[in-house]
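What follows is one structure encoded as structure tokens, with my remarks underneath.
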Amino acid sequence: MIQYLNMLTTIIWIVVLLLAGLYWKVRFAIKIISAVVNTLQQPFGILLKLFKNYQQLKHNEEKLQNIVMNLQSKETDLRQTAEREQIRTGKKLKQEVENWIANTEKILAAEQDLNIRFLWLYHRVMLRNSVAKMIQDIDALIQQARAFEETGLLSAERARLSVPETNFIGESARRCIKEIHEWASKDDNNDPNFSRILAVTGDEGVGKTAVVQEVYNRMQEAEANVYMIEVREGDVTGDELLKDIARAILGRDLEGEDERRRGILCNALKKINNPVLILDGLNQSYDLQKQLGIPIYRFGGEERSHGKLIITTRSRSVRREMGCQTSIVLGPLSDHEGEELFNHHLGHRQLHDPDIVVLKRSILRNCMNVPGKIIETAMDLRGECDIIQWITVYNRLELHRLRM
């Protein structure tokens, strides 16, 4: 019995010793593992942070590309609109608009520099904050451009224009320019019979637009309050034309109901000293007061109004329905003037061939001394020495003449 107890005691001690040895080994292993983990934790954390930053940068890069395209589109639209409105009104850009254009150019240049630096992985990792800041700046510029759509691009101050002299070929055009300019400059406050609506009429291509553009330029040079609107082709509603007139005079679109917008434009015109409004290319009539907000009235045959209106049109019904009591007809060129205009746009080097000289006379007859047709035809033949091309142009004009 005693022997059996001694053996059991021995076994128990052996198990205890084995368990104790295992405990210390496991504890030692845990310490080793903890030390290794603590040693590797910091670099792994840095790598994880860099990976998250890289993912954020990739997201920002895609967002940056999208908003840069949006900003470029806004810049193009704004520049085109500003150029068009400046030509029409002669007004200067607002200072904040000029600043916006300058800031946009700078930030687009900075974005190009970022694209170059993105080629290097180190720079891609380090530029996360720069990209985020650029996104904020571009967003602010886009919001500012949207605000300009409401407030307008132009200031009330007019730019001083330097208008080149235009040497018109054609006695009819020179006469029309003189008569229109004299009419627009006339002091008519004491003349109850003076018609404030003038129509410039004539066949297609005779140069009505060129004539009123020259009048506009001369009045701009004299710092008169003149506004020119090129009416778009096709069926233009009164609301669409009202918007174009508002942009020309106020430099912005008008909000609100139709009646309110017409009232705003009417009041604006009344505050301008002797305004002259040019509507170029009318192919339908409009009620000046009810549709466009232009303050021209008639009561009992007596005309009372503010400012003057010039329209260009080929339509007799438009002139009649809009109450044009004064019309100036722009006629074609004389034979000599037509040939002079043709030679001016063609050049003289092609005229040494006697066959081409004969064809030129026939072509000029088919152009019927209409400046638009003459210029278009001369530009088609400019630099062309092949008589076959001259014959082709002649046949085309002859066919068009026979179909008229």
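Count of the stretch 355-368 residues, restricted to those that are over 15 Å from residue 400 (Cα atoms) and modelled with pLDDT of 85 or more, is 4.
You will find that of 117, 146, 174, the residue that is of a type outside the set (Phe, Trp, Tyr), open to solvent by 60 Å² or more (accessible area, probe 1.4 Å) and at pLDDT below 65 is 117 and no other. Among the residues making up the stretch 195-222, a single one is within 25 Å of the chain's Cα centre (by Cα), of a type in the set (D, E, K, R) and surrounded by fewer than 19 Cβ atoms within 10 Å (Cβ to Cβ): 221. With respect to the stated conditions, residue 388 fails to be in contact (Cβ under 8 Å) with a residue 24 or more places away in the chain and not basic (Lys, Arg).
Within the set 379, 368, the sole residue that is in contact with a Pro (Cβ under 7 Å, 6 or more places away or on another chain) and closer than 27 Å to residue 331 by Cβ turns out to be 368. Figure legend. Inter-residue proximity from the stretch 357-379: first residues within 16 Å of residue 396 (Cα to Cα) and small (Gly, Ala, Ser), second residues assigned to a helix (DSSP H, G or I) and open to solvent by 30 Å² or more (accessible area, probe 1.4 Å), beta-carbon distance below 7 Å, spacing 6+ or different chains. Indicated pairs: 362/394; 378/345. Kindly evaluate residue 377 against the criterion of being at pLDDT 85 or above, touching a helix residue (DSSP H, G or I) at 6+ places or on another chain (Cβ under 7 Å) and under 26 Å from residue 246 (Cα atoms). Criteria not met by residue 377. Cβ-Cβ contacts under 7 Å between residues 6 or more apart (or on different chains), taken from a first residue in the stretch 299-327 that is under 21 Å from residue 226 (Cβ atoms) and open to solvent by less than 20 Å² (accessible area, probe 1.4 Å) to a second residue that is of a type in the set (S, T, N, Q) and modelled with pLDDT of 85 or more, are listed as 312/209; 313/201; 313/283; 322/285. The residues listed here are 106, 133; of these, the one that is farther than 24 Å from residue 247 by Cβ and at pLDDT 85 or above is 106. Looking only at the stretch 217-275, which residues are more than 21 Å from residue 82 (Cα to Cα), without any contact (Cβ under 8 Å) to a residue 12 or more places away in the chain and of a type in the set (Asp, Glu)? 257, 259, listed by residue number.
The values are calculated or read from the model by the stated rules, or taken from the named source; none is laboratory data. Bear in mind the structure is a predicted one, so any value in this text is a computation, not a measurement. Note: ideal-geometry Cβ built from the backbone for every residue, glycine included; neighbour counts use all protein chains shown. Accessible surface areas use protein heavy atoms only, side chains included; no ligands, DNA or RNA. Shrake-Rupley method; radii C 1.70, N 1.55, O 1.52, S 1.80 Å.
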